[in-house]
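Trainee: Okay, handing you the structure first.
The values are calculated or read from the model by the stated rules, or taken from the named source; none is laboratory data. Keep in mind the model is a prediction, meaning the values are calculated, not measured. Note: ideal-geometry Cβ built from the backbone for every residue, glycine included; neighbour counts use all protein chains shown. Side chains are part of the model used for accessible areas, which takes the heavy atoms of the whole protein and leaves out ligands, DNA and RNA. Shrake-Rupley method; radii C 1.70, N 1.55, O 1.52, S 1.80 Å.
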Amino acid sequence: MSTETDWVYRVEEPHGSEGWRPYGDHPERWRGTVTTDDPEEDAEYVAALVVTDLVTEWDRHGAVQQHVRVIVWEDEEGAGPADAAFTVEIRPGVDGE
């Protein structure tokens, strides 16, 4: 019996009154699938991988923390956070830290 699970993720950024839009100049970079084969590697685990990649990218380019959300679904991409397995939102610190 296979324990593989496909987790589909998307990173979005706020866009004022229009809601959320795909993150960055190359949104395809922040949308994809992670396949796991360990039951411990769930949607939260996949979101942590994506957030780690985001923070590494920001550090590498000397960018400040961005306001984004990472949405993770099981098997296929859904419409938004309401049908997601896990969603995490990252907001820059108000005090600049």
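Trainee: Please specify each residue of the stretch 59-96 satisfying the condition of being open to solvent by 40 Å² or more (accessible area, probe 1.4 Å) and in contact (Cβ under 8 Å) with a residue 60 or more places away in the chain. Working first, answer last.
Mentor: First pass over the stretch 59-96, keeping only residues open to solvent by 40 Å² or more (accessible area, probe 1.4 Å): 59-67, 74-77, 79, 81-83, 85-89, 91-92, 94-96.
Within the stretch 59-96, GLU74, ASP75, GLU76, GLU77, ALA85 qualify.
Trainee: VAL34 passes all but one of (1) surrounded by fewer than 17 Cβ atoms within 10 Å (Cβ to Cβ); (2) without any contact (Cβ under 8 Å) to a residue 60 or more places away in the chain; which number fails?
Mentor: Here VAL34 clears every test but (1).
Trainee: To continue, here is another question. Determine whether ARG31 is in contact with a helix residue (DSSP H, G or I) (Cβ under 9 Å, 6 or more places away or on another chain) and modelled with pLDDT of 95 or more. Step through it out loud before you land on a result.
Mentor: On the way: in contact with a helix residue (DSSP H, G or I) (Cβ under 9 Å, 6 or more places away or on another chain): no; modelled with pLDDT of 95 or more: yes.
Criteria not met by ARG31.
Trainee: Identify, by number, the condition in (1) open to solvent by 50 Å² or more (accessible area, probe 1.4 Å); (2) touching a helix residue (DSSP H, G or I) at 6+ places or on another chain (Cβ under 8 Å) that GLU40 doesn't meet.
Mentor: (2)
Trainee: Pick from the stretch 1-42 the residues that are of a type in the set (Val, Ile, Thr) and in a strand (DSSP E or B): which of them is farthest from ASP53 (Cα to Cα)?
Mentor: My answer is THR5.
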